[in-house]
1. Output the residue which, of all residues in the range 378-419 that are touching a strand residue (DSSP E or B) at 6+ places or on another chain (Cβ under 9 Å), part of a loop (DSSP other than H, G, I, E, B) and open to solvent by 40 Å² or more (accessible area, probe 1.4 Å), is modelled with the lowest pLDDT.
2. Determine, yes or no, whether residue 341 is outside any helix (DSSP H, G or I), open to solvent by 70 Å² or more (accessible area, probe 1.4 Å) and of a type in the set (Asp, Glu).
3. Of the residues in the range 140-190, how many are in a helix (DSSP H, G or I), open to solvent by 10 Å² or more (accessible area, probe 1.4 Å) and touching a Ser or Thr at 6+ places or on another chain (Cβ under 8 Å)?
4. Taking the conditions exactly as written (open to solvent by 20 Å² or more (accessible area, probe 1.4 Å), of a type in the set (A, V, I, L, M, F, W, C) and in contact with an Asp or Glu (Cβ under 9 Å, 6 or more places away or on another chain)), does residue 86 satisfy them or not?
5. Quick check on this structure: which one of 315, 327, 304, 374 is within 23 Å of residue 397 (Cα to Cα), in contact (Cβ under 8 Å) with a residue 24 or more places away in the chain and part of a helix (DSSP H, G or I)?
6. Do we find that residue 35 is under 22 Å from residue 114 (Cβ atoms), in contact (Cβ under 8 Å) with a residue 40 or more places away in the chain and in a loop (DSSP other than H, G, I, E, B) in this structure?
7. With the requirement that a residue be closer than 20 Å to residue 354 by Cβ, at pLDDT below 85 and either touching a Pro at 6+ places or on another chain (Cβ under 8 Å) or aliphatic (A, V, I, L, M) (or both), what does the range 1-37 give you?
8. Please specify each residue of the range 16-46 satisfying the condition of being surrounded by fewer than 21 Cβ atoms within 10 Å (Cβ to Cβ) and in contact with a Ser or Thr (Cβ under 7 Å, 6 or more places away or on another chain).
Amino acid sequence: MNRHDGDTERTFAALPPAHGRGFAQTWWGQAWLKALEDAALDSGQLKRGRRLARAGAVGAVSVRPGRITAVVQGRDHTAHRADVLLAELDGDQWDRFLDMTVERAGHVAALLDREMPPHLVEDAAAAGVELLPGMGELEPECDCGAWDHCGHTAALCYQVARLLDQDPFVLLLMRGRGERALLDDLQARSATPTDEPAEPEGADAVEAYATGDILPPLPAPPELPPEAGVPPSLDTEAPPGPDVDPVALRYLAARTAVEAHRLLAEVLRAGVEQHGPEGELTVTQDAVRLAVGTPGRAVTDRLADGSGRDREGLARATRAWGLGGAAALSVLEEEWTVTGETLARARAALESAWDDDERPSLRAKGNRWTVVGAPAQLRLGHDGRWWPYRKERARWMPAGAACQDPATALASVEQAPGEEPG
């Protein structure tokens, strides 16, 4: 029994309808749904569950150790109590999980940031603790009398995937330990004295920062400057060298300051998803990156020439880059043939993204699916994400950022004023 009585149940208000969006954006939320979908014997019940969840038919969700519960309104407006059971971890498993977590400060920091990185789950599995449910572990109970997952329990699982996206502590509570109790146990283990003498130089700075509020808090980070800094003036009495273009150099210095300001803002912004570097760029990719902004005609012409594009082509490329960097640029310019398992996954995603009466008519060519009778298109990237495109002046233009769910991507395509379908 958890010693924090008020920490053993959480109730979440009913979520709004999820029309045109996927239910799981995080990898752990998708793993939760995979456990449901791999074990369900009736795919029709899963479709009914998605339809109910999208329509907002799932009421407030109660989460307790080993069980989630909600009242789900069926399509006939009959209310049903739906429960889904998940085995709790036993005391020995929790001890192993806690010992593993305190040994790796980054795991604690990730949980406090409401994240569940793959290496945390992998390290837990290596310690004999399975955090995410496997196939068949989500056991349904519903007063409608179904013995397998029905539309009501499936709808509950789809809705809980949205809660897991926001807070992985929901999964840990289902496994038997509330957030406060878990953090108290981690703090107690961190403070337990050992037989070895203390290190006179104190705690490692990297570990102290990563452990967040388990250790004494660090000073508040500095405030973000209101705008990017101004590079030093290049106005000197000395003439530029033969290979130096002062206009291009000023623009390059200004872009560097803007990029440094953006990176600092991303680090200081609480709760933002952190992205690592995209890897080394090619010359043409870097030319597009530098052209995002207002470089002026002379610099723009030089960047267009360096990227192998005309001015119009560079404008399309910079629009794509602003939505997703090198990956978005690749989707803009590369058409490839989708085959094998990738094609099967794409078709499955398109099939399940809409209800039968809402699914648009799509015409496929390569990695591009065009909406018949409308200036809208979906493009599949090599990473499995869907990119929305809109036809503008007889050219396909990027219309938004990538999404895992094709319905969400297509919903972001709005017809331009005066644009004729086709």
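The values are calculated or read from the model by the stated rules, or taken from the named source; none is laboratory data. What you are looking at is a predicted structure, and each value in this text was computed from that prediction instead of being measured. Neighbour counts are summed over all protein chains in view; Cβ atoms, including those assigned to glycine, are modelled from backbone coordinates with ideal geometry. The accessibility values were calculated without ligands, DNA or RNA, using every heavy atom of the protein model including side chains. Shrake-Rupley method; radii C 1.70, N 1.55, O 1.52, S 1.80 Å.
1. Among those residues, the one meeting the criterion is 415.
2. No, not satisfied.
3. The number of residues fulfilling the criteria is 2.
4. It is false that residue 86 is open to solvent by 20 Å² or more (accessible area, probe 1.4 Å), of a type in the set (A, V, I, L, M, F, W, C) and in contact with an Asp or Glu (Cβ under 9 Å, 6 or more places away or on another chain).
5. Criteria check complete, one pass: 327.
6. In short, no.
7. Answer for the range 1-37, where residues must be closer than 20 Å to residue 354 by Cβ, at pLDDT below 85 and either touching a Pro at 6+ places or on another chain (Cβ under 8 Å) or aliphatic (A, V, I, L, M) (or both): 18, 24.
8. 20, 21
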